[in-house]
Amino acid sequence: MAPYVRKVKTASGATAVQIAQTVNGRRTIVEHIGSAHTDAELAALIATAKSRINAGQEHLDLDLPPMEKVRSAGEAVIAKHSSELLWTTLTDAYQRLGFDVVDDATFRALVCARLVEPTSKVDTIRVLDEIGVDPPHLSSIKRALARCVERDYRRHLSAACLAHVTADGGPGVAMVLYDLTTLYFEAEHEDALRKVGMSKERRVDPQITVGLLVARNGFPLDLHVFEGNKAETKTLIPVITGFIERHRITDMIVVADAGMLSAANLNALEDAGLKFIVGSRTSKAPKELEEHFGERGNYIADNGIVELTRPMGTGQARRDRRVVWHYLWKRDQRDNRTLNAQIERAQRVMDKDEPLRKQRFVKVTGPRIGLDEQSIQRARAAAGYKGYVTNIAPTVLDGHSVVAAYRDLWKVEQSFRMAKSDLRARPIYHRTRDSIEAHLTIVFAALAVARDLQQATGMSIKKIVQSLRQIHTAVIDIDGHHLTARSPLDDNATAIIDALKSRH
């Protein structure tokens, strides 16, 4: 059968154009012409493929020797097709952050490719080829992953991140935010790292826990991997103390959620000379506020603050802590809606309209099932309140400032969402600790590049990649003379490039 043009959809949504031939029932790809992202590009690639077929028909026989590229005089041929603008934008940001300190071109390619299309290390070769970047060989990728762990790339990247946030105009590290997430594996058995533990996704698969430290604007500073059954409270101190010792930091406020709240953690932070703001468990609210309300009544204005002192720890470890309780009317309404729904579910269980399961406010006494009225009353009393424990004096940071600082913690959660969704952080193709650590180092670096580009442009990394990926650069060969042409910039691409230029 004569050669023909073949069109194939790729995983990225592009359309690959190839010259193929079928001999004895077997299809063979004679030449890959390129990948198109628009109708105009597809038409141009198909025209190029047909031109090459027509020019080389006399030179193709049934034994399929290499196609002779016969061209007419003055014929224009696309010699190279790439998303050069996208790749330059990513690699420039990588370099601007100082990540070239690791001096590893293959590692850089893996980081930037993950921003283009997160996939397996093997499939990364296809991603790079599609955007016109010469991909490293698979053996080079494996060697780069090994170097990543052996040479502790993450430590160098973390230092570069610190330099970035402490440069002129950066948020600095006077306040840092810490949180923890879990990444699960579809594996039957545990090992030394992948353990079954408390899962925020309510899974029972082996998992790892990942602690992320970020600056106040959400820019990543450090990342640590822990065993899947490691308690949240046991992860905070190793990350913080390791960070301040490596970088010789003496004055810093640490903000973390209620999962990190323990007397031992707070004492350790204070003994290291650090300040902290940690979320308080809402269950503490009724008891702590009872005395205050008993003396002054239970009225509190919207956005009101109640300051109390809580003794924490026992024996010589006991210390009095400042507690800030913040009330919002909107939070009160939301909490009560949630409570009403939970009470209704408990009532259905009591009425046997639903099977008995672990429901809030269900009280089982022997054969009798009823509502836990005491728990309901306590929950009603806590509605609208959120508490914060801190060792910062009111003269330094008043109650509303403590609340405002804690609210920045959502930026850690946003970084985790970016890593889990946009960068697909879950290391599903990795099994050993070294390969998992190397994979998460790539994700850490990619997250930093993504955050840098997002903060510079005001656009999500997904939108940046989508906008720039469709801007193609073609090298056109006319009788040995090379001309470079680029598709026009649309409004989004223009806005991205202008924003990146303006920060230099």
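The values are calculated or read from the model by the stated rules, or taken from the named source; none is laboratory data. Predicted, not measured: the structure shown is a model, and the values here were computed from it. Reconstructed Cβ throughout: ideal geometry from the backbone, glycine too, with neighbour counts over all protein chains shown. These accessible areas exclude ligands, DNA and RNA; they are computed on the full protein's heavy atoms, side chains included. Shrake-Rupley method; radii C 1.70, N 1.55, O 1.52, S 1.80 Å.
Quick rundown of the values:
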| item | result |
| --- | --- |
| Linear extension gain, D372 paired with S140, 0.36 nm per residue minus alpha-carbon span | 77.3 nm |
| Listed residues H472, H482 arranged by accessible area, highest first, probe 1.4 Å | H482, H472 |
| Dipole in debye (nearest 20) - the chain, about Cα centre, beta carbon charges: Lys, Arg +1; Asp, Glu -1 | 1480 debye |
| Additional length obtainable on full extension of the chain from V122 to S401, 0.36 nm per residue less Cα span | 95.6 nm |
| Exposure of L397 as accessible area (Å², to 10), given a probe of 1.4 Å and all protein chains | 40 Å² |
| Exposure rank, largest accessible area first [S283, S158, S51; 1.4 Å] | S283, S51, S158 |
| Links that overshoot a 19 Å alpha carbon limit, given the list K420/K462; K230/K284; K287/K386; K330/K386; K121/K142; K386/K420 | K230/K284; K386/K420 |
| Potential lengthening between A341 and D434 on full extension [0.36 nm per residue; Cα-Cα distance subtracted] | 28.9 nm |
| R0 of 45 Å, Cβ-Cβ distance D251-D191: FRET efficiency to nearest 0.05 | 0.65 |
| Carbon + sulfur, % of accessible area of the chain - ligands and nucleic acids excluded, 1.4 Å | 49 percent |
| 17 Å Cα-Cα reach of K234 towards aspartates and glutamates, excluding residues that sit fewer than 8 places from it in its own chain | D179, D222, D257, E270, D271 |
| Solvent-accessible surface ranking, highest first, for M260, M198, M312 at 1.4 angstrom | M198, M312, M260 |
| DSSP beta bridges in the chain [antiparallel fraction, %, rounded to 5] | 90 percent |
| Cα-projected label distance for T365 with K287, points at 7 Å along beta-carbon direction, nm | 2.2 nm |
| Förster radius 30 Å - calculated FRET efficiency between S460 and R319, Cβ distance, rounded to 0.05 | 0.10 |
| Probe 1.4 Å, accessible area per residue of the chain, Å² | 50 Å² |
| Kyte-Doolittle at least -1.0, axis length at least 30 Å by Cα - qualifying DSSP helices, the chain | 433-457 |
| Relative contact order, percent, region 160-252 [alpha-carbon distance under 8 Å, six or more residues apart] | 27 percent |
| Area accessible to solvent at C112, 1.4 Å probe radius, in Å² | 0 Å² |
| Computed accessible area, L223, all protein chains, 1.4 angstrom probe, square angstrom | 10 Å² |
| Qualifying lysines (Cα of each under 16 Å from Cα of K80; at least 8 residues distant if same chain) | K69 |
| Mean Cα-pair separation over length for region 358-504, i.e. relative contact order, pairs under 8 Å, 6 or more apart, % | 12 percent |
| FRET efficiency for T38 and R202, using Cβ-Cβ distance with R0 set to 51 Å, rounded to 0.05 | 0.75 |
